[in-house]
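A quick write-up on the structure given underneath.
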Amino acid sequence: MAKKRGNSEGSIYRMQDGRWRAAVMIGWKVAPDGKRTQERRVFTGATRHEVANQLTDALKDLKLGLLVAPRKQTLGQFLTWWLDEVVKATARPKTMEFYEYISRVHLIDGLGEIHVQRLTSQQIQVFLNQRLAKKSGRTKRSVSARTVRHIRRTLCTALNCAVKYKVIPLNVALATDPPTAARAAVQYMSVEQARTFLEMARSDRLYALYATVLALGLRLGEGLGIAWDDIDLDTGRFNIQQALQRIDKKLYPEKGGLQLVEPKGGYSARVVTLPAVAISALRHHQALQAEEQRWAGNRWKNEWGLAFTGKLGKPLDRSSRSF
């Protein structure tokens, strides 16, 4: 007498319409009332050979502890899910924008049609080399070694998530070699250059911004995010706790546009002491802004109490005409 198949061995049978079906039990589902029922994956095809191959793949995945799905997931499909369900929910908006751009322009374009479970380190290495040597991509343009390193890092991060969710058993991108990228030399203003710049900008309405950013070494977003409530001009204490940032409306329809966010990584929040040149400039700017507010009347819209705004109180950013 033939031995009956076990729950995780799968079965193949022919349906009344002539098609073939394979089924495998992958676990148990618990209903709200506490009742446990079997969870199965079913594969349907025109021939027994077709569904037998699908069943074989499913049993291999089950043995490796992977999620068994009726159809394999492409890398493009996984990256889209990862961006929408993981990155968007946990990362800063600018990080989401960065990963979305790298995924859309490079990874989905170059590797998106490959099943994520079938992706190999060799395929990834060839893809990275081609990006560097302008042999692939819609634009046929090469990218810098630094960008290729960003592409690899993004893919590694995404595939780490795929391992976590048991979509794949291991991260094949980790076995690839990134190109060597020379670190660009950072150009700093000398003290004399900074003094010359501030002297030439003294008549500009945003002179206080330039003086404060230069004196404290702030990022531009941190300077534009300065609120009067964060500054004590009598003691010279400045509590840096926010930055002004433009968020992509396509990725974040609910909060797109200019927003105040926590400084990069949260670790940049800090209390500093303003130098005399910044205190003097800020006092003058505060009086100038008060005059602009009186002139604007009910058109004044500085809802965040920012120190540096347009002439009607609106926030500034790189694209602002007043900046």
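Every number here is computed from the coordinates shown, using simple stated rules; none is lab data. The shown structure was predicted, so the numbers you read here are calculated from the model rather than taken from an experiment. Ideal geometry is used to build each Cβ from the backbone, glycine not excepted, and the neighbour counts take in all protein chains shown.
Some points to look at:
- Evaluated at q = 0.15 Å⁻¹: base-10 log I(q)/I(0), Debye formula over Cα of region 198-323: -0.70
- For region 11-64, the square roots a ≥ b ≥ c of the C-alpha gyration tensor eigenvalues yield an a/c of 1.5 or more together with a/b not exceeding b/c, which makes the shape oblate.
- Cα-based shape type of region 75-175, given that a ≥ b ≥ c are square roots of the gyration tensor eigenvalues and the cut on a/c is 1.5: oblate
- In plain terms, the residue of Thr56, Thr180 with the fewest other Cβ atoms within 10 Å comes first and the most crowded comes last, giving Thr180, Thr56.
- When the GluC sites (Glu not before Pro) in region 204-312 are filtered for DSSP coil states and for at most 16 other beta-carbon atoms within 10 Å of their beta-carbon, the remaining sites are Glu254, Glu303.
- The chain - mean residue ellipticity at 222 nm from DSSP helices (-39,500 (n - 2.57) per run, n ≥ 4, rounded to 500): -11000 deg cm²/dmol
- Taking 19 Å as the limit for the C-alpha separation, the pairs Lys88/Lys264; Lys164/Lys249; Lys88/Lys255; Lys63/Lys166; Lys88/Lys301; Lys35/Lys60 exceed it in the case of Lys164/Lys249; Lys88/Lys301; Lys35/Lys60.
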